[in-house]
Amino acid sequence: QVQLVESGGGLVQTGGSLRLSCAASGGTFSWYSAGWFRQVPGKEREFVAAISRTVDTTNYAGSVKGRFTISRDNAKNTVYLQMNSLKPEDTGVYYCAARNGGIATASSVYQNWGPGTQVTVSP
C-alpha cells in the first residue's frame, strides 16, 4: 500500500493555472497507475485524469481535455496535474489516487487515496 499526499491547491482567478502534486510513499510507486478525481459538496467524486504505470497511456475527462495534463515522475514517486485555463466549474477538492493495476477511470477500483487539496477558481 502506498500513502499519498496532495499539494499545490489554492485560489486562482478564471483563466489562471495551478499545478497539483501528489507525493507517494511506502511502496513501489511504479507498480501503481494513478488518477486525479475531484469533488464538490453534494456531488459524487468525479474522474479528472489518469496515467498508467509506465507513463505511456493517459486518459482525461471530456471537461478538462486540452486544459489539464497529467504526468508522473516515478524516480520522485510523484504524480502531477497541470491545470491551465481554469474555470469556476473546476472548483473542488482534488484527490490523488493509486491502484495496483491498469489505468482506470472509476473511483471504486482505486485502493489508495490522499486527503485532498482544495482548488477554488474565482469568476
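Scan segment 78-110 residue by residue and report those that are among the polar types (S, T, N, Q) and modelled with pLDDT of 95 or more. Show your work before the answer.
Looking only at segment 78-110, we keep the residues that are among the polar types (S, T, N, Q), and these are 78, 82, 84-85, 91, 100, 105, 107-108.
Hits for segment 78-110 are Thr78, Gln82, Asn84, Ser85, Thr91, Thr105, Ser107, Ser108.
Residue pairs whose Cβ atoms lie under 8 Å apart, sitting 6 or more positions apart in sequence or on different chains, and linking a residue in segment 91-111 that is in contact (Cβ under 8 Å) with a residue 60 or more places away in the chain to a partner that is in a helix (DSSP H, G or I) and crowded, with 21+ Cβ neighbours inside 10 Å, are Ala98/Phe29. For segment 13-31, residues that are closer than 22 Å to Ile103 by Cβ and within 14 Å of the chain's Cα centre (by Cα) total 6.
The set of residues in segment 81-114 being open to solvent by 20 Å² or more (accessible area, probe 1.4 Å) and either farther than 23 Å from Trp31 by Cβ or among the hydroxyl-bearing types (Ser, Thr, Tyr) (or both) consists of Gln82, Asn84, Ser85, Lys87, Pro88, Glu89, Thr91, Val93, Tyr95, Thr105, Ser107, Ser108.
In segment 17-45, the residues that are at positive phi form Cβ pairs under 7 Å with partners that are surrounded by 13 or more Cβ atoms within 10 Å (Cβ to Cβ), at six or more places apart or across chains, as follows: Gly26/Val2; Gly26/Gln3.
Taking (1) over 11 Å from the mean Cα position of the chain (by Cα); (2) in a strand (DSSP E or B) in turn, Glu89 satisfies each apart from (2).
The values are calculated or read from the model by the stated rules, or taken from the named source; none is laboratory data. This one's a predicted model, so the numbers in the text were calculated from it and none came from an experiment. Glycine gets a Cβ as well: all are built from the backbone with ideal geometry, and neighbour counts include every protein chain shown. Keep in mind that these areas ignore ligands, DNA and RNA; they rest on the heavy atoms of the full protein, side chains included. Shrake-Rupley method; radii C 1.70, N 1.55, O 1.52, S 1.80 Å.
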